Amino acid sequence: MSNKFVADGRLTEEAKADIQGFVTSGYGHLTDVAYVLVGFRQPGAARRWLASLLPEITSAVGWRPSAHEEKQKPRRTVNVALTHAGLEFLGASQQTLCSFPRAFREGIAETNRAANILGDYGQNAPEHWEFGGPGTPPVHACLLLHAASGPDMESMVSQYLEVIDRSHGGLAVLPQGVQRGYRPPNQKEHFGFRDGIAQPGIVGIKGQGGANVAATGDFILGYPDHYGVVAGSPVASAGEDRGNVLPAWENPFHEGRGLRDFGRHGAYLVYRKLEQDVDSFWRFAQAEAERMRSRIGSVDAVWVAAKMMGRWPSGAPLVLAPDRDETGLGERDDFAYAEHDPEGLRCPFGAHIRRSNPRDMIRPSEKEQSLSMSRAHRMRRQGSIYGPQLDFSLLSGGGALADLDRQPEARGLHFLAVIANIERQFELVQQHWINNPAFNGVSDSQDPVVGAPSASTQPPNRLVVPTPHGPWQTQALPPFIAVRGGAYFHLPSLPAIRFLAALP
């Protein structure tokens, strides 16, 4: 059991064996996903269940081939995440529970946090959620299952549901507790835009290099983060660690005698189930295109939607392809706003991708300061979509709008973000960038795609689109996203899972 790590954040193979694989990889080659939400009923049964999972949990030990050995990608992966309530039910001490950050302790549905920080009010308020809200049974754990095919996934789900059933009431799958998802071959979300292009890599993970790489400690506890600081980590007493599986707690300002580092090699996971109103999104884009033609000439629904998103459906960024979709630029992420589009004439200041990752231009900051602030709040989004994809071929090239309302099935996004600091990474972006009506030089405008619905005290949400003929302001934007559930989880290290499974 080593307490040491490489000072620059590079991960040793010993460290990777302690980290759950979902922290470092979204398993992009595995197309079928299930999130099994579990409620604990008996502490002993819950601890035995964790112990039974240990041999099957996928670690971060690399499967990518090297010059010395040939490795194969896994065809199925298993990981487990726990809420604060779940840790308490398992028997974690008050010392351990209180050492977690406030956001994790309170949870995503806490009244002030939901309404004032995340913008989850009105139709998005937690009391309307399918899971994770005050009117639903508490979520204690989530099994993250990934498989290479539908039949493989069905086999996995059946296997783990059977294990839970054999607990004889010690555990239960919650209502709405098996959430299905998938990764489509076209890599597009349901509005029809390619997703996941700007995913940051992690220092120390093979294949995740280049300019878009973030400090290890921005995602994994126990390592230096963007600011060079090792963030605070939850602890446990040495007396609780009967198997001596946790590393000693190392803190330069405190001797840490008698404490063990429960958080080392763990991470936090934000899960939000977001339903997308695809029909409303494209009908709004079409109506705006018709309204705008009289002033700025020939535009279509795809052009308007791209202005809201900041990219074209192929993924090509407006900054590099301002006039039309250029599929050859679909994977390009090497652009900067201050350098290529300081006036927002290509990509509006309020567009979704410009809010969620402002890069080198956060007014009124300098370029390097802006880059630093943007990088400090990056997240690894490793979710999936649910519901059938629609055929947008009628929209390409300015064609007629598809009759989307003939396919009323619910469809949306399982938003999962791996981070090391809930407040700094997820909540700050949500509150100060996505939902802030005065962010980065805009006024009376939230994110046009995922922004919170306007409260009665707020002016309607509108997007300002700069054009050569002057700025154009859209009609009031309806909400296109509805929050259907959510939770804050901890992705404990494998030693921490062993510790929990052995609690008396």
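The values are calculated or read from the model by the stated rules, or taken from the named source; none is laboratory data. Please read all numbers here as calculations on a predicted model, not as lab measurements. Quick reminder, even Gly has a Cβ in these numbers, built from the backbone with ideal geometry, and neighbours come from all protein chains shown.
Below are the figures for this structure:
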| read-out | value |
| --- | --- |
| Some residue of segment 349-364 being over 28 Å from GLN431 (Cα atoms) and assigned to a loop (DSSP other than H, G, I, E, B) | no |
| Qualifying residue in segment 297-318 (condition: assigned to a helix (DSSP H, G or I) and of a type in the set (Ser, Thr, Tyr)) | no |
| Neighbours by Cβ (under 6 Å, 6+ apart or cross-chain): first from segment 331-343, assigned by TED's automatic domain parsing to the domain that holds TRP312 and of a type outside the set (Lys, Arg); second surrounded by 15 or more Cβ atoms within 10 Å (Cβ to Cβ) and in a helix (DSSP H, G or I) | ALA338/LYS367 |
| Residue match in segment 467-480 (condition: in the same structural domain as ARG381 (by TED's automatic domain parsing) and assigned to a strand (DSSP E or B)) | yes |
| Sole residue being farther than 21 Å from ILE385 by Cβ, at pLDDT 95 or above and crowded, with 22+ Cβ neighbours inside 10 Å, chosen from HIS146, HIS140 | HIS140 |
| Filtered residue count, segment 481-502, keeping only those that are surrounded by 22 or more Cβ atoms within 10 Å (Cβ to Cβ) and in a loop (DSSP other than H, G, I, E, B) | 2 |
| Among residues of segment 166-225, those that are closer than 19 Å to TYR271 by Cβ, in a loop (DSSP other than H, G, I, E, B) and in contact with a helix residue (DSSP H, G or I) (Cβ under 7 Å, 6 or more places away or on another chain), counted | 3 |
| Odd one out for GLY28, checked against (1) over 22 Å from MET379 (Cβ atoms); (2) surrounded by fewer than 17 Cβ atoms within 10 Å (Cβ to Cβ) | (1) |
| Meets criteria (among the aromatic types (Phe, Trp, Tyr), buried (at least 19 other Cβ atoms within 10 Å of the Cβ), out of contact with any Leu (no Cβ under 8 Å at 6 or more places or on another chain) and farther than 30 Å from GLY181 by Cβ) for PHE281 | no |
| Residues (of a type outside the set (A, V, I, L, M) and free of Cβ contacts under 8 Å to residues at least 40 places away in the same chain) located in segment 212-232 | GLY228 |
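Matching residues to (1) β-branched (Val, Ile, Thr); (2) assigned to a loop (DSSP other than H, G, I, E, B); (3) at pLDDT 85 or above:
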{"residue": "PHE392", "(1), (2), (3)": "no, yes, no"}
{"residue": "ALA400", "(1), (2), (3)": "no, yes, no"}
{"residue": "ALA410", "(1), (2), (3)": "no, yes, yes"}
{"residue": "LEU413", "(1), (2), (3)": "no, no, yes"}
{"residue": "VAL418", "(1), (2), (3)": "yes, no, yes"}
{"residue": "ARG424", "(1), (2), (3)": "no, no, yes"}
{"residue": "GLN430", "(1), (2), (3)": "no, no, yes"}
{"residue": "TRP433", "(1), (2), (3)": "no, no, yes"}
{"residue": "PRO437", "(1), (2), (3)": "no, yes, yes"}
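Yes or no, residue by residue, for (1) at pLDDT 95 or above; (2) under 16 Å from ALA452 (Cβ atoms):
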{"position": "SER66", "(1), (2)": "no, no"}
{"position": "PRO74", "(1), (2)": "no, no"}
{"position": "GLY86", "(1), (2)": "yes, no"}
{"position": "PHE100", "(1), (2)": "yes, no"}
{"position": "ALA103", "(1), (2)": "yes, no"}
{"position": "GLU110", "(1), (2)": "yes, no"}
{"position": "GLN123", "(1), (2)": "no, yes"}
{"position": "GLY133", "(1), (2)": "yes, no"}
